[in-house]
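The values are calculated or read from the model by the stated rules, or taken from the named source; none is laboratory data. In this text, all values refer to a predicted model and were calculated from it rather than measured experimentally. Because the Cβ atoms are built from the backbone with ideal geometry, glycine has one as well, and the counts that use them run over all protein chains shown. Heads up: the accessible areas ignore ligands, DNA and RNA and are worked out on the full protein's heavy atoms, side chains in. Shrake-Rupley method; radii C 1.70, N 1.55, O 1.52, S 1.80 Å.
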Amino acid sequence: MIIIKGGKIVSPFAIIAADIAIDENGKIAHIGRNIDYKGAEVVDAGGLHILPGAIDAHVHFRDPEDTSKEDFSTGSASALAGGVTTIIDMPNYKNPATTTLEAYAAKRAIAASKSRCDYQLRFGASETNQREAEESGAPSLKLFLTDTKSDLRCSNEAAIKHFKTFSKYRPVCVHAEDKARIEERQKHYHAHEKIRDKIASQIACEFALKEAAKLDRRVHICHVTTGLEIELVRRYPNATHEVNPAHLFLSTDDLKRLGPLGKINPPIRDKREVAALWRLLGDDTIIASDHAPHLISHKMDGAPGFPGVGTLLPLMLNAVHDKRLTLEQVARMCSCNPAHAFKLAGKCFFEINADADFVLVDMKKKWKITAENRMSKCSWTPFEGKEVYGKIEGVYLRGKLAYDGEKVLSEPGEGKEVKSVF
Ligand code: NCD
Ligand code: ZN
């Protein structure tokens with residue numbers, strides 16, 4: 001038995017001063033005042049907040065596709081250093097694309113041997129693999145409505161077929177940007193954010209929502225970048241949405257400074273749209289990083305995407321310091337909402353028999369984000385040098401100290417696959 005004593009537990013509803021007892025199986029046995037067990041190991045959490053471990057439902061750990069950028073060992077280290085205890089990894093695009101049963105099985109084996117944090121794997125939708133996607137039994141499916149120069153793009157017709165065949169209770173996660181509009185705008189514009197404009201996102205978002213609603217199926221809209229998309233999602237009871245912190249904490253004003261590093265799909269939006277996104281964040285929002293590591297040399301050649309799994313929670317905690325959010329909202333958006341949306345068994349901290357995944361945070365302590373302390377193999381972050389409040393002093397995964405505030409203690413292979421309950 002371990003007892004975490006004297007901390008302030010952050011639930012989605014309130015902050016409560018209470019102790020946590022963790023049993024031998026790494027589950028939460030009890031939350032209450034002044035818990036004492038003879039012979040228990042006691043951890044002093046005095047002055048610290050205890051948040052549920054963050055769940056990042058959108059990461060690209062690149063294993064085995066391109067391990068020069070990231071792999072399960074480094075990606076999961078970065079996750080733990082940022083207070084993320086569970087991730088959902090996206091399908092590969094090639095080498096091999098995670099669009100076949102064999103590739104999916106092979107990737108599960110890799111994750112099992114290399115991941116330091118808990119994980120789940122998403123299957124990839126190709127133009128023709130509807131049958132395999134369903135047969136895979138994967139808990140969720142990733143579907144791109146626009147080109148990523150890979151096997152993973154689906155035409156609108158193929159997307160509708162996937163919507164029909166993939167189990168309707170399991171989320172189809174849609175990268176929603178309209179291919180036809182983007183191709184048309186490529187003829188007239190040069191700037192990335194002009195080509196892939198916000199209307200391209202909104203058209204594809206509405207398409208996915210309408211088609212999913214016709215079938216009464218679960219759909220999840222990845223990385224929305226506009227207020228309107230959130231409003232659209234809210235019209236459909238079976239739809240959820242996620243927001244990438246990059247789209248909350250960066251605007252087109254930052255693109256000059258970032259140069260080629262600032263390219264991401266969907267693009268960073270202007271300040272007005274960023275403000276709309278903030279206004280529309282709500283109790284149903286999921287924060288997910290779209291951790292898309294690329295080496296700087298690849299960024300210089302135009303690769304889109306940012307690393308983000310290690311900065312997700314720190315940026316949100318700093319937003320609490322800046323009084324833009326409450327800690328309760330952060331617990332909800334970064335942990336409870338993704339646990340519920342993807343039905344992650346044992347991963348909702350406040351439910352019976354939950355895994356003891358939590359983060360000890362000193363909200364008064366200021367520290368500096370660097371690529372080095374974020375630990376991604378890609379070795380850069382768009383938030384390099386940013387000073388933030390809310391220092392992560394410890395991360396527990398299933399009751400075991402996995403990050404001590406400086407070092408990741410969890411070894412490759414200690415992460416476990418998380419089941420979904422449908
Ligand atoms: C993603 C990547 O690099 O895997 N990049 C990105 O800009 N978000 C792919 C994608 O989602 O387009
Ligand atoms: Zn995407």
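Restricting attention to the stretch 253-270, the residues that are open to solvent by 20 Å² or more (accessible area, probe 1.4 Å), more than 22 Å from ILE221 (Cα to Cα) and more than 13 Å from ligand 1 (Cβ to nearest atom) total 6.
Within the stretch 52-101, restricting attention to residues that are aromatic (Phe, Trp, Tyr) and assigned to a loop (DSSP other than H, G, I, E, B), the residue that is surrounded by the most Cβ atoms within 10 Å (Cβ to Cβ) is PHE61. One residue stands out among those in the stretch 283-314 that are among the hydrophobic types (A, V, I, L, M, F, W, C), more than 16 Å from ligand 2 (Cβ to nearest atom) and surrounded by fewer than 24 Cβ atoms within 10 Å (Cβ to Cβ): the one that is farthest from ILE369 (Cα to Cα), which is MET300.
Can you tell me which residue in the stretch 195-243 is farthest from ligand 1 (Cβ to nearest atom), limited to those that are assigned to a loop (DSSP other than H, G, I, E, B) and open to solvent by less than 10 Å² (accessible area, probe 1.4 Å)?
It comes out as ARG217.
Within the stretch 383-392, the residues that satisfy the criterion of being crowded, with 17+ Cβ neighbours inside 10 Å and either in contact with a Leu (Cβ under 6 Å, 6 or more places away or on another chain) or in a strand (DSSP E or B) (or both) are VAL388, TYR389, GLY390, LYS391, ILE392.
One line per residue, one yes/no per condition, for (1) more than 20 Å from HIS241 (Cβ to Cβ); (2) within 16 Å of ligand 2 (Cβ to nearest atom); (3) touching a residue at least 24 places away in the same chain (Cβ under 8 Å):
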position	(1), (2), (3)
ARG131	yes, no, yes
LYS142	no, yes, yes
THR146	no, yes, yes
CYS154	no, yes, yes
LYS161	yes, no, yes
ILE182	yes, yes, yes
GLN186	yes, no, no
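For the stretch 4-28, the set of residues classified as in contact with a Gly (Cβ under 8 Å, 6 or more places away or on another chain) and among the basic types (Lys, Arg) consists of LYS5, LYS27, listed by residue number. Quick check on the stretch 48-67. Is at least one of its residues within 16 Å of ligand 2 (Cβ to nearest atom), charged (D, E, K, R) and within 12 Å of the chain's Cα centre (by Cα)? Yes, there is a match, as at least one residue in the stretch 48-67 is within 16 Å of ligand 2 (Cβ to nearest atom), charged (D, E, K, R) and within 12 Å of the chain's Cα centre (by Cα).
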